[in-house]
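Right, one structure below, let's go through it.
The values are calculated or read from the model by the stated rules, or taken from the named source; none is laboratory data. Everything quoted here is computed from the prediction, not taken from an experiment. When we count neighbours, we look across all protein chains shown, and the Cβ atoms used for this are built from the backbone with ideal geometry, even at glycine.
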Amino acid sequence: MMTKMASVAVMLVSISARIASASPEVLAVLLEDMITKTRVSVSLSEVFEHSVFTLTNPDRVVIDLYSTGISEQALPLPEGRGVVRQIRSSKRDDGSLRIVLDLSSPIKPPNWRLAENPEQNESLIVYLVPADAKQ
């Protein structure tokens, strides 16, 4: 009887681990310093609710990804480049993941879009253009 209970407990832990790992995740964060802008690409296991906004004093861009986590393969986050001085992330009490891009200078309002490619993972692409750039 005890052996059956132990194997049921092991099975439940195994199922719980599989369900937990099936939750949406950030798979990678990439930075690309382009001539006139910095491109931030957040690779997602699936599309999920998100928001992108800026804060000042100090200048930063915040990406909130709701009901998600970050996979171990996405860590460590990349070193800063372009207008991004550094990237950091944290899991919030509401279950969302917050990615903060600390900026080295002010930017124009960020341009962002979802890139869905059936052969690859979905990505949230954010373009950061310095405030003093001519366009």
Q: Can you confirm whether segment 56-71 contains a residue that is more than 17 Å from ASP33 (Cα to Cα), surrounded by 12 or more Cβ atoms within 10 Å (Cβ to Cβ) and over 11 Å from the mean Cα position of the chain (by Cα)?
A: yes
Q. Given (1) modelled with pLDDT of 90 or more; (2) surrounded by fewer than 14 Cβ atoms within 10 Å (Cβ to Cβ), where does SER89 come up short, assuming only one miss?
A. (2)
Q) Give me the pairs: first residue in segment 55-78 and over 15 Å from LEU101 (Cβ atoms), second residue assigned to a loop (DSSP other than H, G, I, E, B), beta-carbon distance under 6 Å, and six or more apart or on different chains, which are they? A) TYR66/GLU49; TYR66/SER96; SER67/GLY95; THR68/PRO24; THR68/PHE48
(Q) Only one of SER89, SER96 is among the hydroxyl-bearing types (Ser, Thr, Tyr), touching a strand residue (DSSP E or B) at 6+ places or on another chain (Cβ under 9 Å) and within 14 Å of VAL29 (Cβ to Cβ). Can you tell me which? (A) SER89
Q: Look through segment 115-130, keep the residues that are surrounded by fewer than 12 Cβ atoms within 10 Å (Cβ to Cβ) and of a type outside the set (D, E, K, R), and return whichever of them is modelled with the lowest pLDDT.
A: PRO118
Q) Just for segment 14-51: of the residues that are polar (S, T, N, Q) and modelled with pLDDT of 90 or more, which one is nearest to TYR66 (Cα to Cα)? A) SER51
